[in-house]
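The values are calculated or read from the model by the stated rules, or taken from the named source; none is laboratory data. Note that the structure is a prediction, hence the values are computed from the model and not measured. Reconstructed Cβ throughout: ideal geometry from the backbone, glycine too, with neighbour counts over all protein chains shown. In case anyone asks, the SASA skips ligands and DNA or RNA and just uses the protein heavy atoms, side chains included. Shrake-Rupley method; radii C 1.70, N 1.55, O 1.52, S 1.80 Å.
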Amino acid sequence: MTAIHAYAATSAKGALQPFEFDPGEIKPDEVEISVSHCGICHSDLSMLDNDWGMSAYPFVAGHEVAGTVVALGSDAKGLKIGQRVGLGWSAHSCLSCPECLSGEHNLCPTTQATIVGRHGGFADRVRAQWTWVRPLPDELDMAKVGPLLCGGVTVFSPLLIHNISPTARVGVIGIGGLGHMALQFANKWGCEVHAFTTSDSKEAEARQLGAHYVHNTRHPDALKSLSGRNPCPDPPRMAPQRLMLC
Ligand SMILES: [Zn+2]
Ligand SMILES: [Zn+2]
């Protein structure tokens, strides 16, 4: 098996340096991805610095991986060599516990993260269990996919979990990296989107990303006018033009 070429830190807060390792034979349930792009998430930095006390060195970060499938284990399902795929925070789960069987693989008691006890995507290749390697539509720009695989899914899942309908009124608190994506998802879904920020300087950007209203919570009266409002907007805000933007 050809060595994997990566960038690794050898100690907490250490600089990333070229690092090679032999991944061994591919496991039956694993997929090997040739990495074309990998995002940098703040969790990569927390792991790099051992902020959570669970980093192992040499440490290879990277859990917003975009690339193509180059090898499949004998039991890997649903993917083809050459397919465009993405890999996010999780890389393995048992597939047989109640959580895995109910579609909540991320809550599996034995779930393995892509960069915890494993080497991540700051490398030319990375491996993960087939079920965590997700096909990517051709329309997606591989250079922009990364954040969707971590922060993106983090803010997308609540829209599903809470059954948010296109007629809902959605508030996004904090317009940082995750908030940027949440505003776009909620807007494209058709919702009335409110951005809550502590900084006036973020207003223009929030509106550009899909906020219909921006509230600076440092202003004493900002929240008073919103008090008691329903999660569903008052008619007639669902103008046909807005629906057509979805
Ligand atoms: Zn992340
Ligand atoms: Zn499980």
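The selection criterion, being of a type in the set (S, T, N, Q) and touching a Phe, Trp or Tyr at 6+ places or on another chain (Cβ under 7 Å), does not hold for Ser96. Looking across the stretch 191-229 at every residue that is within 20 Å of Leu160 (Cβ to Cβ) and in contact with a helix residue (DSSP H, G or I) (Cβ under 6 Å, 6 or more places away or on another chain), the one that is surrounded by the most Cβ atoms within 10 Å (Cβ to Cβ) is identified as Val193. As for the stretch 137-150, it holds no residue that is in a strand (DSSP E or B) and within 16 Å of ligand 1 (Cβ to nearest atom).
Yes/no per residue for (1) open to solvent by less than 40 Å² (accessible area, probe 1.4 Å); (2) in a loop (DSSP other than H, G, I, E, B):
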residue: Gly67; (1), (2): yes, no
residue: Ser74; (1), (2): no, yes
residue: Leu79; (1), (2): yes, yes
residue: Ala128; (1), (2): yes, no
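Among all residues of the stretch 149-160, there is at least one that is buried (at least 16 other Cβ atoms within 10 Å of the Cβ) and either modelled with pLDDT under 90 or of a type in the set (Gly, Ala, Ser) (or both). Screening the stretch 97-108 for residues that are part of a loop (DSSP other than H, G, I, E, B) and more than 6 Å from ligand 2 (Cβ to nearest atom) and picking the one that is farthest from Arg134 (Cα to Cα) gives Ser102. Of all the criteria given as (1) exposed (fewer than 13 other Cβ atoms within 10 Å of the Cβ); (2) farther than 18 Å from Gly151 by Cα, the one not satisfied by Ser34 is (1).
Figure legend. Inter-residue proximity from the stretch 84-113: first residues under 18 Å from Gly67 (Cβ atoms) and charged (D, E, K, R), second residues more than 8 Å from ligand 2 (Cβ to nearest atom) and part of a strand (DSSP E or B), beta-carbon distance below 9 Å, spacing 6+ or different chains. Indicated pairs: Arg84/Ser36; Arg84/Ala66; Arg84/Gly67; Arg84/Thr68; Arg84/Val69; Arg84/Pro135.
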